[in-house]
1. Filter the stretch B:147-177 down to residues that are within 14 Å of another protein chain (Cβ to nearest Cβ) and crowded, with 24+ Cβ neighbours inside 10 Å and give me whichever is farthest from residue C:94 (Cα to Cα).
2. List the helices (runs of 4 or more DSSP H) that sit entirely inside the stretch C:1-103 and contain at least 3 residues that are within 12 Å of chain B (Cβ to nearest Cβ) and either on the phi < 0 side of the Ramachandran plot or not small (Gly, Ala, Ser) (or both).
3. Among the residues of the stretch B:393-434 satisfying the criterion of being within 14 Å of chain A (Cβ to nearest Cβ) and modelled with pLDDT under 85, which is nearest to residue B:358 (Cα to Cα)?
4. Please go through the stretch B:208-223 and pick out each residue that is touching a residue at least 60 places away in the same chain (Cβ under 8 Å) and either surrounded by 24 or more Cβ atoms within 10 Å (Cβ to Cβ) or under 23 Å from the mean Cα position of the chain (by Cα) (or both).
5. Can you name the number of the only condition in (1) under 28 Å from residue B:693 (Cα atoms); (2) away from chain C (no Cβ under 14 Å) that residue B:127 fails?
6. Filter the stretch C:131-143 for residues that are loosely packed, with under 14 Cβ neighbours inside 10 Å and either among the β-branched types (Val, Ile, Thr) or assigned to a helix (DSSP H, G or I) (or both) and give the result.
7. What are the pairs with Cβ atoms under 9 angstrom where one residue, in the stretch B:589-613, is closer than 12 Å to residue B:560 by Cβ and the other, located anywhere, is hydrophobic (A, V, I, L, M, F, W, C) and assigned to a loop (DSSP other than H, G, I, E, B)? Sequence gap at least six, or different chains.
8. What are the residues in the stretch B:649-680 that are in contact (Cβ under 8 Å) with a residue 24 or more places away in the chain, under 29 Å from residue B:395 (Cα atoms) and outside any loop (DSSP other than H, G, I, E, B), if any?
Amino acid sequence: MDQYIDIKVRVWRQAGPKAQGHFETYDLKHVFQGASFLEMIDILNEQLVAEHKDPVTYDHAPSRPASCTCVSSKTVRRSL
Amino acid sequence: MAKKEEIMEAAKETAKKVATKVAQKAVDVAEAALDAAAEVVKEATTPIITPEMAKIPAGPLELKWTNYKNHQKLVNPANKRRLDVIVVGTGLAGASAAASLAEMGFNVLNFCIQDSPRRAHSIAAQGGINAAKNYQNDGDSVYRLYYDTIKGGDYRAREANVYRLAEVSNNIIDQCVAQGVPFAREYGGLLDNRSFGGAQVSRTFYAKGQTGQQLLLGAYSALSRQIGKGKVKMYTRYEMLDIVLVADENGEKRARGIIARNLVTGRIERFFAHAVVVGSGGYGNTFFLSTNAMASNGSAAMQMYRHGALFANPCYAQIHPTCIPKHGDFQSKLTLMSESLRNDGRIWVPKKLEDAKRLQAGEIKGRDIPEEDRDYYLERRYPAFGNLVPRDVASRAAKERCDKGYGVNNTGLAVFLDFSDAIQRLGKDVVAQKYGNLFQMYEKIVDENPYENPMMIFPAIHYTMGGIWVDYELQTTVKGLFCIGEANFSDHGANRLGASALMQGLADGYFVLPYTIQNYLSDQIGVPRMSTDLPEFAEAEKAVQDKIDKLMAIQGKRSVDSIHKELGLIMWDFVGMGRTAEGLKEGIKKIDAIKKEFWTNVYIPGEANSLNNELEKALRLADFIEIGRLMAVDALHREESCGGHFREEYQTPEGEALRQDDKFAYVGCWKYMGEDAEPQLIKEPLDYEFTERKTRNYKN
Amino acid sequence: MRKFKDGETITVEPWRSRAFPVIKDLMVDRGAYDKIMQAGGFVSVNTGGVPDANAIPIPKPVADEAMDAASCIGCGACAAACKNGSAMLFVSAKVSQLALLPQGKIEAAARAKAMVAKMDELGFGNCTNTGACAAECPKSVSLANIARLNREFLSAKFKD
């Protein structure tokens, strides 16, 4: 059964091609496990916009859900 | 004496009452007469588009296109390179048009909002592409493909356009094979075919479950070749925000360029061309949740509309019957399961309401329900077509069962698509070969094994048959402004058959526009390249900048998505599968309220002159709100049910769509009359010369 | 999100590859892939005037293999996963698809040369047969395609 989980998302933030980038960690609570990875990023962005912060920019891959788990422009690593 | 006076009084009272009643009745009758007269006046003064205005060639159906090509004007090779053409969009229609026009010698400027032309939404189409090759020798022909398409469109499409589509369908397959598109083949080495909804012949060509991707890659390769040669200037991550019109020597306005925003830098730029072609796709994302990509939008269509192009049949939106059901409120898009699954899958819900309740509670699974307790409702209601009834019929049938309580998941909004019979009949390996990647996709998303348990599906918004009105030459009412692919309205009528969207996009781009645009450009060869310093370009740019500044300044409390989701729910509830006059009026009121909310309370972070996805979404949402309202207005005026437009008040006793051919056999075209003004209706009557309108019967 | 557990930290970063510069946050510029396609990822045929689709039969196994190679979506995972930043899997997928089909065979050698040359010019690294690309590929494009590309390329060079 899909549950709700609380996670931390450590995302690379870089303002522009020549800017220095850095990792920023965000708390994301109550994420539905049935959600796709991209939907999770959307939820994070909703939260950021609500806090008047800059949302995370990413390429919306076209609607091929099979590649959603390996979305263009991202590599995902897990750490606990 | 008193008694006499009393009687007199009573009589006077009665007389007064009767007189009042009679007077009231007279007023009622007069009002009704006035209303009827107003209707007659409205009818008489509703502008009409004639076949001549639509540039439909005369003559027999099967010769119209040939006659057109034989007599049209052409542009000679030396002159072609002096003419610039802008193509907006790189989907099947846009990429094939840009590539073909460049091959012919025109100077092409091609724009797309994605990072690469190959990421247009056409890439997601799964099922297949129709053509009248009759390789299967099962009775197919150009005429039959024409007939199936126009019937499938519920007799609300233009005969000439649909026939032409069927005519060039074979050329499309030839072209794709020549480009190296890896269509599926049979063991003998020849092309394989499968059946699709709405057809009794096997005419669909496919490439595993990714036909859209492969066709798009074919067009993308052709486009890439032209870009490599310098014949197409490619502008990726650019979004068109307005069209520039310049008056000619007769004072007639012509499309002479676009204003586009560089999505990475935020800069607004001006581009000139002798003609503008728009292939920007459909407006399904008005519903927020649809099978479209998140960036798919109707903004280019709205820009054309605001400059005088007509928006035709906006209410014809197709709901695809086989999508993965919604699983939550945060969901941002829906996943389409190819219609080809209906070839071998069987759709059912439980016969018993108690079984449905237990499924909804998660107590049992689909495979636990014995055969005799399954209601294969499509096979039951439509013996001749069974599970292959057209999409609108299948979608409404699913809604009907779920509305009655027979839905099979926790939301009660799902039906089963079962492969156990096919697995038994063909073997698991054959099923895996045909549908493997689709099954894999389903399992990844839903975490259920479709080989062991029936899939769950539910209808969702998928395609829009409505769009910008174009004549036989694919030109809008604005001179020099052409519209191709899903963005235009022409060929599918009120309902699109499966595997014909891909066909229409490539037909328009490869085999129709390259001819018809020459007819327009032939008398433009003397027009020099105009400077983008002209006041018309400056004004257009300023208008775009003002709009962006206005949006950025609002700084309200709500995110763009939150308002978009609200719009989507209103659209699904009031302008969705089953529409009513009351519901549509309510929907229009609610959309008006959303519009106000958006323009006073939207919050867009960041800066306009930088990469700003929230600003991009806001600009698109502003247009979705307008499109949503237009859809509702169109649906309200169309008092009949046909194809993708179902009015509960107009149905047969069996719940099928009831057309009103005597009153509504026309294309409903809407003309922009100004911000916040009601649009004006213009009609293009569809007087059929060659085809008899029958009731769409999929029973026998 | 079923892969993740309660309390986990998920690190998300853009493709790290010299040929894919970061534009902003997670968005990178994959235009290099388009440039490689423009150098040769096509069959040189114009619209119209082509033979009937069934004029040249293609054995089913060949058509299926071409289809597998054609599944590449140009996402860039291969170049990002490769420690050398090589785009061989991407290039070989397109070269293979077209080399396998009779329509593409005619230009197969020239295509291989042109696309590899472009790939090198754009700063992608060399292939050292690590196999990390195929492991990451979301469409399961096979390493066998790289072998085929190498053969095409060598034979083209040999003929020069």
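The values are calculated or read from the model by the stated rules, or taken from the named source; none is laboratory data. Predicted model only: the values in this text are computed from it and were never measured. For neighbour counting, all protein chains shown are included, and Cβ atoms are generated from backbone atoms with ideal geometry for every residue, glycine included.
1. Ranking the candidates gives B:169 first.
2. The qualifying helices (runs of 4 or more DSSP H) are C:31-40, C:60-70, C:88-100.
3. B:410
4. Residues of the stretch B:208-223 that are touching a residue at least 60 places away in the same chain (Cβ under 8 Å), as a first pass: B:208-213, B:215-217, B:219-220, B:222-223.
Across the stretch B:208-223, the qualifying residues are B:209, B:210, B:211, B:212, B:213, B:215, B:216, B:217, B:219, B:220, B:222, B:223.
5. (1)
6. C:135
7. B:612/B:263; B:612/B:604; B:613/B:263
8. Listed by number, the residues that qualify are B:657, B:661, B:663, B:664, B:667, B:668, B:669, B:670.
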